[in-house]
Structure formats: C-alpha cells, structure tokens
Amino acid sequence: MNPFKNQAWEDAKAHHRAVFLRCVDAEDGSAEQSRLDAEGRAAKGEADRLEQAARTAWLRAKRQSVEIHLNDDTRETRHCFTEQPLRIHAGFTHEDAAAGWRQVLSFSASPTPDADTLARIERAKSDAVSQLESYWAELADATDIQRVIYQGVHYTWNVLGEGIGFGGQAFRVEWLTADREPTECNLFAQGRIPVWMRDKLPDNARTIEDLGYRINPFPAVDDSLDDDPPY
C-alpha cells in the first residue's frame, strides 16, 4: 500500500487519466482536442500538487513504532504502538517485566497501520515464539556443553581461566548429586528457563558461590616483544 495515498490525490489522478483518454480519442486538430489538452494539463498540475501535499503530510506525521512483547513462560504475545520503543513506557511497565513479559523487537509504522503492517505484526509474533522454542530446545539437546542449572537459571561452566563469562569471575558450584565434588569454574549465563522447559532442564546445582575474585580473561600483552615499533 502506498503510504502517500489520500482520496483527493486518487480522485485527481483518476480525473487526469479520464481527460487524457478523451483527448486521445478526440479528432486530431479539433477544438475539442485542444480544449481537452488544456483541461488535461490543468488536471495533471492539480494531481501533482495533491501528491506533493500528501507526501509532505506523511513526512510531518508523528511516526510511531510497533513493539512486540513475549511472555517466555506462557508463550503469549502481544503488541503496542509507542513513541518510546524498547524502554519502559505506558505500554510496557516494570510490572509487565515482573510478570514475565519482555520486549522482543520494534519497527516503525504509521499512526494508522494498514493491512501489510498488521500482517507483519502477526509474523513477528509467530517468529518470536518459534525462536524462543528453538533456542531452548537446542540448548536442552546440546551434548557438548557442561551445564549448571540453579534456581531455574541455565549456565554453562568452563575451567577457570578458559572462560570470560561474568568478566572472568570465579565461582564454586556445589551439585545436587551427593557424590559429585564441588567445581570451581567460570560461568556463562544463558537465561532463566521457561516454565514449560523445567521438566526437561531441572536444577542440578545446590548452590553457586561467588569466590570474590576474577581470572583476567585478557592478559596484558608485552609490547616489547613486537618486531615492529608502534606508530
């Protein structure tokens, strides 16, 4: 749908086309053809004027964004129109976040959305749910990771010094399995596990303790080892 359209412009274009067709059918060199030619030029000028007015009005119109929201636990989706996308506003409050909703994406739209915009909104909602489900399904099926799940939050762990999660912070994990020794490690967080995935990804850690120090994941480089002088 052309965003610049308005009815007056459409009517002016239709009038110009009708006059043009009558002028084509008129006898060459006749007074009727001359009159229709003049009328057609005037109609074209009016159509051009109204097109420019429509474009100017469109550019001056207050633009809004469509914001897509997703509840990870229920997989419900919704949307709102806002001038402050992806931040706290009347359409997305702190209470919404506490209830499990999050802002997924936003895109610009006219103040009066057309059918294409509404269809795009529904596609965005469907894609958000599909991406959420795929993310957790792939994480649950992964066999090449060392996972820590504590209080419904999913982490992966690496040997100290081999990971940079939490800026290299060192942690001690005590496991729910009684005969498993505690692990001192770096952690990476993948997020809070949605309610519908908890059976497949149950807790396996009893506690996670911050050891109060970090392993520098980016050791200092000795510039004196460079063959070439810095510029």
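Where does the charge balance sit around Arg120 when Lys and Arg score +1, Asp and Glu -1, over other residues with C-beta under 11 Å from its C-beta?
Values: positive: Arg123, Lys125; negative: Asp114, Asp116, Glu122, Asp127.
Here the charged neighbours net out to -2.
Summing +1 for each Lys or Arg and -1 for each Asp or Glu among the other residues whose beta-carbon sits under 15 angstrom from that of Asp141 gives -2. Among the listed options [x] 25, 20, 18; [y] 64, 25, 16; [z] 33, 22, 18, the one matching semi-axes √(5λ) of the Cα gyration tensor in Å as calculated from these coordinates is [y]. In summary, the helical segments of the chain meeting the span-like criteria, namely a full DSSP H run, a Cα extent along the axis of 18 angstrom or more and a mean Kyte-Doolittle hydropathy of at least -1.0, are 7-25, 115-141. Exposed loop sites, defined as GluC sites (Glu not before Pro) outside DSSP H, G, I, E and B with at most 16 other Cβ atoms within 10 Å, are absent from the longest region of the chain, namely 84-161.
Exposure proxy check: Thr93, Thr183 ranked by fewest other beta carbons within 10 Å? Present the calculation step by step, with values, prior to reporting the outcome.
Values: Thr93 12, Thr183 16.
The fewest-first ordering by Cβ neighbours comes to Thr93, Thr183.
Taking the fewest neighbouring Cβ atoms within 10 Å as the starting point, the ordered list for Tyr213, Tyr155 is Tyr213, Tyr155. Note on the chain: Lys pairs 8 or more places apart or on different chains, Cα atoms under 24 Å apart, count 4. Taking amide H as placed 1.01 Å from N in the peptide plane, Val104 has its amide H under 5 Å from the amide H of Ile68, His69, Leu70, each at least 5 places away in sequence or on another chain.
Laboratory data are not the source of any read-out in this text; all were calculated from the coordinates shown. No experiment lies behind these values; they were computed from the predicted model shown. No Cβ is skipped: glycine too gets one built from the backbone with ideal geometry, and neighbour counts run over all protein chains shown.
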